[in-house]
Amino acid sequence: MKAITRSGYGSPDVLGLADVPEPEPGAGEVRLRVRAAGVDQGVWHLLTGVPYVMRLGIGPRRPRSPWLGADVAGEVTATGAGVTAFKPGDRVFGTCGAAYAEHACARADRLAPMPANLSYEQAAAIPTSGMTALRALRDAGRAGRGQRVLITGAGGGVGTFAVQLAKTFGAHVTAVCSGSKEELVRSIGADDVVDYTREDFTDGSRPPFDVIVDIAGMRRLSHLRRALTPRGTYVIVGGEGGGRWFAGLDRQLRTALYGPFTRKRPRMFFAFPREADLLTLAELAGSGRITPVVSATYPLERVPEAIRELEKGHVRGKLVITV
């Protein structure tokens, strides 16, 4: 079979298309005929090995695994011992460790049945970005009906899910993005839009927000706090800074340190895959309450090109690999 492999940490130049043996599912796993695979910031981190602290888990000098890709959608072709939830022919989506391939094995508890109304490309856009947005709003931010919620980076992969989820929870949503994405975020439910190239939402000209979900990571934490109500919550999803050792994690750490010293509630979290969250997203997508935004698709051999496009930071919604 064909699969994308990597020779080490680095830019997309270390990736190549190779002929490799078809994998066999182990206990608790299923094998998929991959139809589509998502592209997100987590893939970039695994490719580059940045932040360096992450290499303690994935390989200090070289990645322990040559494979890449996490979000996946496809058809079950075989099941391992102990798997009863799925059978060959089932259409599923979720996460695995080698999605950029014609066939891949995934843990059964990291998959869910695909909603019938979605294409493979739409389903592959959901898992990581959707779970991140869900946990940021529901668990960390506790966003609810009647609240004023502001989302930075609203036109990107996580942001487009966050806008839709916040509306589903009954919030009034202000989306922060570039002017070129205003039409997109309004089309998925944003009540108000801030073009960050023209307006500073932290300057006090707008009523304070109950919840801020900071996905773009370009604002100082002190500026986010002054845009909140006295008991407001701000959730840090990603960010810049921290150098190559911590690359954004410093914002998470500083958020945790500020907590005991302010009435405003800073929240940090790590969006590890959870079966329950994937099932929630499947139900929301199946009922039409959220719709994945896919801006472009690339064939398997053009994975490096897709990641280079992601690196530019201007993608609308999600990029998806078709297999």
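The values are calculated or read from the model by the stated rules, or taken from the named source; none is laboratory data. If you're wondering where the values come from, they're calculated on a predicted model, not measured in any experiment. Here the Cβ is made from the backbone with ideal geometry for all residues, glycine too, and neighbour counts use every protein chain on show. Just the protein is used for accessible areas: all its heavy atoms, side chains included, with ligands, DNA and RNA removed. Shrake-Rupley method; radii C 1.70, N 1.55, O 1.52, S 1.80 Å.
Values for this structure:
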item	result
Single condition Thr291 does not satisfy, out of (1) touching a strand residue (DSSP E or B) at 6+ places or on another chain (Cβ under 9 Å); (2) modelled with pLDDT of 90 or more	(1)
Test set (1) at pLDDT below 95; (2) open to solvent by 80 Å² or more (accessible area, probe 1.4 Å); (3) basic (Lys, Arg) - Arg302 fails condition number	(1)
Selection count where residues are of a type in the set (S, T, N, Q) and either touching a residue at least 60 places away in the same chain (Cβ under 8 Å) or under 11 Å from Ala106 (Cα atoms) (or both), scope region 76-96	2
Residue in region 252-270 that is at pLDDT 95 or above and surrounded by 13 or more Cβ atoms within 10 Å (Cβ to Cβ) present	no
Residues satisfying the stated conditions in region 123-159, i.e. among the aliphatic types (A, V, I, L, M), within 19 Å of Val194 (Cβ to Cβ) and either open to solvent by 20 Å² or more (accessible area, probe 1.4 Å) or touching a Pro at 6+ places or on another chain (Cβ under 7 Å) (or both)	Val158
Given (1) surrounded by fewer than 13 Cβ atoms within 10 Å (Cβ to Cβ); (2) part of a loop (DSSP other than H, G, I, E, B), index of the condition Ser222 fails	(2)
Qualifying position, being in a strand (DSSP E or B) and closer than 24 Å to Lys87 by Cα, among Gly16, Gly38, Gly69	Gly38
Single unsatisfied condition, Glu309 versus (1) at pLDDT 95 or above; (2) open to solvent by 80 Å² or more (accessible area, probe 1.4 Å); (3) over 29 Å from Asp109 (Cα atoms); (4) not hydrophobic (A, V, I, L, M, F, W, C)	(2)
Index of the failed condition, Cys96 passing every other in (1) open to solvent by 30 Å² or more (accessible area, probe 1.4 Å); (2) closer than 25 Å to His45 by Cα	(1)
Region 72-104, residues that are in a loop (DSSP other than H, G, I, E, B), out of contact with any Gly (no Cβ under 6 Å at 6 or more places or on another chain) and over 23 Å from Gly10 (Cβ atoms)	Ala81, Val83, Thr84, Ala85, Phe86, Lys87, Pro88, Gly89, Asp90, Glu102
Filter result (open to solvent by less than 50 Å² (accessible area, probe 1.4 Å) and either more than 20 Å from Ala133 (Cβ to Cβ) or among the acidic types (Asp, Glu) (or both)) within region 168-199	Gly179, Asp192, Asp195
